[in-house]
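Report on the structure given below.
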Amino acid sequence: VQLQAYGGGLVQVGGSLRLSCAASGGTFRTHWMGWFRQAPGKEREFVAHISRGGTNTYYADAVKSRFTISRDNAKNTVYLRMNDLKPEDTGVYYCAGARKDPRLVWDTYEYDYWGRGTQVTVSS
């Protein structure tokens, strides 16, 4: 499965963005999907996760109530809607896919496929 994230950009504090991650070359609907981010000089960190059918979602505490993960299996795409953006949300955002149901959704080792990432910059 190949993943390509897009939709990042420069936004002011309090603004919104919607990231998309398009999958190709595999059966998207059979994969659990996640979003991670990495700020300069920091480790990659978990943002959100969604189950295969979209029923179950999980979020990092830092983004709860501001971010929403969703997916459209017919379009082989997972989304991350980000509202009320803060400077600390700045980073490269990556989508990731897991062939098996992750025991620890925040663990990068649970995911088998990674997209290239898209830059999100929040200016104050």
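The values are calculated or read from the model by the stated rules, or taken from the named source; none is laboratory data. Model, not experiment: these values are computed from the prediction. So basically every Cβ, Gly included, is an ideal-geometry build from the backbone, and we count neighbours across all protein chains shown. Only protein heavy atoms, including side chains, enter the accessible area calculation; ligands, DNA and RNA are left aside. Shrake-Rupley method; radii C 1.70, N 1.55, O 1.52, S 1.80 Å.
Largest accessible area first, the listed residues L19, L104, L10 line up as L10, L104, L19 when surface is computed with a 1.4 Å probe on the assembled protein chains.
With the whole protein complex present, D61 retains an accessible surface near 130 Å², based on a 1.4 Å probe. When Rg and the Kirkwood Rh are both derived from Cα coordinates, the Rg/Rh ratio for the chain amounts to 0.94. Seen from every direction in turn and averaged, the convex hull around the alpha carbons of segment 49-112 projects onto 4.8 nm². Approximating the spin labels as points 7 Å out from Cα along Cα→Cβ, the N83-to-W106 distance works out to 2.4 nm. For segment 76-124, the calculated P(r) over all alpha carbon pairs, in 10 Å bins from 0 to the bin holding the longest distance, is 22, 44, 29, 5 percent.
H31 contributes about 20 Å² of solvent-accessible surface, heavy atoms of the protein only, 1.4 Å probe. For K86, the lysines whose Cα falls under 23 Å of its own Cα, not counting residues fewer than eight places away in the same chain, are K42, K64.
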